[in-house]
Each structure stands twice: as structure tokens, then as C-alpha cells.
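Visitor: Supplied in C-alpha cells, the structure appears directly below.
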Amino acid sequence: MIVARTPLDLDELVEQWTLLKDEQALVSGKRGATRLGFAVLLKFYTQYGRFPRGRAELAAEAVEFVARQVQVPASELGFYDWTGRTVEYHRAQSREHLGFRECSVADAEKLTAYLAEHVAHKERRPEQVRVELPGALPRGEH
């Protein structure tokens, strides 16, 4: 299902898609499609707490905005490989930079126990559990 969305205005672009100094330093060692791909992955993760599944999830105006900052034509994103070692490395770099790590089996077991003890006995609607979950977790565990 494709969801219609409102185009981003300049204020939203500046607030959500501007590369900060430390992010610019991370991007600086990369070239071409790799540079742009990494930059949009990083900013998307910063905003949504997950990585895009592919180019289709990225707003064209956001890609253009980031492309101007990294001085790579937006069209180069078409050459970015969304599967494979490079994107996995970029995801790892982004998570490390932002202070996150991938969820382990032990993390999932801990989360399951927490949900069973603190959330499931009070709330049975899955959509409400999803809403309450991020606020319920201790800092640094989501």
C-alpha cells in the first residue's frame, strides 16, 4: 500500500535532514553514490529510528537536500546498493555513531520478559502496546 504524503517544506528539511558537523565528518571519507547513500541512511535513522528499506521510502526533496550538502547529484542514489556488505557496514557505522547496537537474542528475551511483566497484563491491544513500548523501556534499550 502506498501512502500519500505531504511534501516536506524548507523548515522540515533543515530540521530533519541537515548534516551536523560530526555527521559531515563521517560522510567525508566516502565518494559518489556511497557518500549520498550513507548520508541519507544516517539522517533517516536519526529521524525514524530505523533504516529505509530502499530508495522508495525516501522523499525526493530530502534526497535533493542531502545531495546538495554532500555535493553529489541526487541521481547518484540510483547507483547505491541497498543490499550487501556496503549497506550493512553503513548501518553499523550509523548505529555506532548514534550509540545504538543491533538487538541480540538475549535482548529479545529480556524485552519479552519485560513486556509480559509490565505491559501485557494491562493492555491486550497490540497497536496500543506498540505505542506504549518506547516509553516503557529504560533509556538506551530501544
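The values are calculated or read from the model by the stated rules, or taken from the named source; none is laboratory data. Predicted model only: the values in this text are computed from it and were never measured. A quick note on method: Cβ atoms are made from the backbone with ideal geometry, for glycine too, and the neighbour counts reach across all protein chains shown. Ligands, DNA and RNA are stripped out before the accessible areas are found, and what is left, the full protein with its side chains, is counted by its heavy atoms. Shrake-Rupley method; radii C 1.70, N 1.55, O 1.52, S 1.80 Å.
Visitor: Tell me the accessible surface of GLU88 in square angstrom (1.4 angstrom probe, heavy atoms of protein chains only), to the nearest ten.
Guide: Here the accessible area works out near 90 Å².
Visitor: If packing is taken as the average count of other Cβ atoms within 10 Å, what order do 100-109, 12-21 fall into, highest mean first?
Guide: On the way: 100-109: 10.1, 12-21: 14.1.
The most tightly packed comes first, giving 12-21, 100-109.
Visitor: Here is a further query. ARG95: net charge of surrounding residues, Cβ under 10 Å, Lys/Arg +1, Asp/Glu -1, itself excluded?
Guide: Value of the local net charge: 0.
Visitor: List the equivalent ellipsoid semi-axes of segment 1-67 in whole Å, largest first, each obtained as the square root of 5λ for an eigenvalue λ of the Cα gyration tensor.
Guide: Largest first, segment 1-67 gives 20, 14, 11 Å.
Visitor: So, one more: List, in order, the whole-Hz ³J(HN,Hα) value for each residue of segment 54-64 obtained from phi through the Karplus relation with A = 6.51, B = -1.76, C = 1.60 and θ = phi - 60°; use x for Gly and Pro.
Guide: So the J values, rounded to whole Hz, are x, 4, 4, 7, 9, 5, 4, 5, 5, 4, 4.
Visitor: In what sequence, largest accessible area first, do PHE38, PHE51 appear using a 1.4 Å probe?
Guide: Sorted descending by solvent-accessible area, the residues read PHE51, PHE38.
Visitor: Something else about it: Over the Cα atoms of segment 38-120, how large are the radius of gyration and the largest Cα-Cα distance (Dmax), in Å?
Guide: Final numbers for Rg and Dmax: 16.0, 50 Å.
Visitor: Something else now. Got a number for the accessible area of GLU127? Probe 1.4 Å, square angstrom, nearest 10.
Guide: Surface accessible to solvent at GLU127 totals approximately 100 Å².
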